[in-house]
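Please treat every number below as a calculation from the coordinates, not as lab data. Keep in mind it's a predicted model, so treat the numbers as computed, not measured. Quick reminder, even Gly has a Cβ in these numbers, built from the backbone with ideal geometry, and neighbours come from all protein chains shown.
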Amino acid sequence: MDRVSEPSTAPARPPQVTVACGIVMVGSVFVVLSVWDRIAGLHTIDTREALRPWLDEPVMRSSGITMSDLLVTVKVAVPPNLEGEAAEALETYAKAERASGFDPRAGWAGSL
């Protein structure tokens, strides 16, 4: 007759770990859905109308940035209603990008 294996002596996983894993999984689903929604709504007419005032500003007009360039910038993760410091931060970033010679139409650095 074969020997019966002995029961495991390892302690059982605490229920708090199971709950924490469940919370992380549910949170991850919400993140994926919100990103999906954000990316799906980028090329809508509402988004383009919301970005049009940015393109009408003298700084943006003189920089030569087009609507498609601005949509690429927004695609990263810009809140829909920019005010105050957030708007200034985006303008500062755009100036630094232009000063460095980055051209979004040319592709990423190092690509062949």
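Where does each of T44, T9 land when they are ranked from fewest to most other beta-carbon atoms within 10 angstrom? Intermediate results must be reported in sequence, preceding the final value.
Working: T44 10, T9 5.
Starting with the residue having the fewest Cβ neighbours, the order is T9, T44.
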Task: Burial ordering of L33, L55, fewest other beta-carbon atoms within 10 Å first - done: L33, L55
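State the three equivalent ellipsoid semi-axes of segment 16-99, derived from the C-alpha gyration tensor as the square roots of 5 times its eigenvalues, in descending order and whole Å.
Details: eigenvalues 223, 44, 21 Å².
Semi-axes, largest first: 33, 15, 10 Å.
Test of understanding: ordering M60, M67, M25 by Cβ neighbours within 10 Å, fewest first, what list do you get? Write out the running numbers ahead of the final one.
On the way: M60 18, M67 14, M25 9.
Going from sparsest to densest Cβ surroundings: M25, M67, M60.
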